[in-house]
Amino acid sequence: GIALAQRVAQIAPSPTLAINAKAKQLKAQGVDVLNFSVGEPDFPSPPHVCAAGKQAIDQGHTRYTPSNGIPELRQAVCDRYRQRHGWEYDPEQIEISCGGKQGLYNIFQAVINPGDEVLIPAPYWVSYPPMTQLASGVPVIVPLDEKNRFDLDVELLRQHATNKTRVVVLNSPSNPTGSVFSEKALSELARLVQERGWLVISDDIYEEISYTKGPLAHILNVAPELKEQVILANGVSKTYAMTGWRIGWCAGPLAIIRAMNKIQSQSISNPVAISQYAALSALTGPQDAPKEMLRAFFPRRDFFVQSLNRLPGVSCVEPEGAFYVFPNFSSYYGKSFQGKKIDGSVALADYFLDEARVATVPGLAFGADAFIRFSFATALDAIKEAMQRIEKALAALQ
Ligand code: PLP
């Protein structure tokens, strides 16, 4: 056959999407699977957002838009940053993308040269290393400590830095841990970033899903002087239960955004016109939906964390944001079921799926094999049932 590009061999398909597909397939076959692998809110998009999408079609917004997105939506993003954080961005400093994911992809493509190193704290979101590699960069994984509530460890980041380091990736609240980086760690990082002239990619996609009172610490709030060294990624997928509409954005230094626009104009042309109008309605319309989702997530999180921590040999840090719990199951590694050894998170997640009919994502996918990720964007009843099944499955290990 035709030879494939070498870059393809470096990466694997998204493991979370693959597990979700397997769980859905089992369900379609009539198997009673409880699915905790998904990374999307279990709510419909708000009705006014859907209406805005329909209206966009009726009003003829069915053509190409400016490549970087419609001006109204870029303005709405600027307004939001000013209102929420007091940050001033010009609409020219915003790029609308096909989900936060494609915005992040554009950033890596726009700033990485061959061999450039990207510091990625682990547990990390699955796509940062492959995005780095697809841009011919080198991911440098920096482990975070569960005992430190997965807070940034700036001293360890410093130790992993070389003269090839160009970028640090931040994701707070984090997928998969739900951790929020502390103001102290972010200030330390800010000093290092300034000293070395690095770029910070701050993936804030979960910033509106937070269980703590008051605003979350952010690198741009602890060090506003770093504005020219920080690029923000965000979107409507998680905040407004709009994963299928595929709208995200980036905000940052004009030169980087312009470079990204160039790439975007030669790849996707523009994000879906209809979805951009729906996203505009999400940002400017009633804000009840995110609040309602948070109200539902709270008791699920509490139940999950408490019942996981009650299991013998399991520890689970309480997430401060997002909708995932990330318990440590490593005390079960080395045990067996019917002669088959559980040698890590992949084997344990397989075991949970096969024997307990509970779909989860192995921590290995996030660079942390001791853990398993459960999404609590699932009904509380399903969480209760799953915990019983997991408890039974763990007890059956020898
Ligand atoms: N960043 C993180 C940390 C995520 O978890 C996700 C989605 O799973 C994204 C970015 C991208 O989301 P989307 O492309 O749906 O906006």
- Whole-Hz Karplus couplings 3J(HN,Hα) for segment 135-148, θ = phi - 60° and coefficients 6.51, -1.76, 1.60, Gly and Pro as x, run 9, 6, x, 10, x, 10, 8, 10, x, 9, 9, 4, 5, 9
- For the chain, find the longest principal axis of its Cα atoms and tell me its angle to the long axis of helix 288-310, 0 to 90°, nearest 10. 30 degrees
- Message: Can you order the peptides 172-184, 272-284, 205-217 by their average number of other Cβ atoms within 10 Å per residue, highest first?
- Response: 172-184, 272-284, 205-217
- Query: Counting only Cα, what are the radius of gyration and maximum Cα-Cα distance Dmax of the chain, in Å?
  - Reply: 21.1, 64
- Query: Any idea what the relative contact order of the chain is, in percent, if you count C-alpha pairs under 8 Å spaced at least 6 apart?
  - Reply: 23 percent
- Task: Would you mind checking the tilt of helix 183-196 against the longest principal axis of the Cα atoms of the chain, expressed as 0 to 90 degrees and rounded to 10?
- Result: 50 degrees
- Tabulate in residue order the Karplus-calculated ³J(HN,Hα) for segment 108-116, using 6.51 cos²θ - 1.76 cosθ + 1.60 with θ = phi - 60°, rounded to whole Hz; enter x for Gly and Pro. 4, 5, 7, 10, 9, 9, x, x, 4
- Message: Going by Cα centres, segment 94-128 and segment 209-237 are how many Å apart?
- Response: 17 Å
- Query: How far, in degrees from 0 to 90, does helix 380-395 lean away from the longest principal axis of the Cα atoms of the chain, to the nearest 10?
  - Reply: 50 degrees
- Item | Those trypsin sites (Lys or Arg not before Pro) in segment 1-78 that DSSP places in a loop and that have at most 16 other beta carbons within 10 Å | Arg63
- Go ahead and collect, in residue order, the members of segment 358-398 whose backbone nitrogen is under 19 Å from a label point 7 Å along the Cα-Cβ direction of Lys27. 358-362, 373-390
- Message: Suppose only helical runs count, i.e. DSSP H with n ≥ 4. What mean residue ellipticity at 222 nm does that imply for the chain under -39500 (n - 2.57) per run, divided by all residues and rounded to the nearest 500 deg cm²/dmol?
- Response: -13000 deg cm²/dmol
- Message: Taking the Kirkwood radius as the inverse of the mean 1/r across Cα pairs, report the Rg/Rh of segment 48-284.
- Response: 0.96
- Query: Leaving out same-chain residues fewer than 8 places away, which lysines sit with a Cα under 23 Å from that of Lys54?
  - Reply: Lys238
- Note on the structure: Sorted by chain and then number, the residues having a modelled amide H within less than 5 Å of the amide H of Arg373, at least 5 places away or on another chain, are Val361, Gly363
- Using Cα positions and a limit of under 26 Å, work out the lysines in reach of Lys335, with same-chain residues fewer than 8 apart set aside. Lys22, Lys147, Lys384, Lys392
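How long are the three semi-axes of the equivalent ellipsoid of segment 20-137, in whole Å, if each is the root of 5 times an eigenvalue of the C-alpha gyration tensor, listed from largest down?
29, 27, 15
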- Message: Under the 0.36 nm per residue contour assumption, what length would be gained going from the current alpha-carbon distance of Arg258 and Ile141 to full extension?
- Response: 39.2 nm
- Length gained when the stretch Leu17-Ile2 is fully extended (0.36 nm per residue, less Cα-Cα span): 2.7 nm
- Here segment 373-379 yields Karplus 3J(HN,Hα) values (6.51, -1.76, 1.60; θ = phi - 60°; whole Hz; Gly and Pro given as x) of 9, 10, 8, 9, 7, 9, 4
- Subtracting the Cα-Cα distance of Arg310 and Ser265 from 0.36 nm times their residue separation yields 11.0 nm
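Any read-out appearing in this document is the output of simple, stated calculations on the displayed coordinates, not a laboratory observation. Keep in mind that what you see is a predicted model, and the values were worked out from it rather than measured. Glycine gets a Cβ as well: all are built from the backbone with ideal geometry, and neighbour counts include every protein chain shown.
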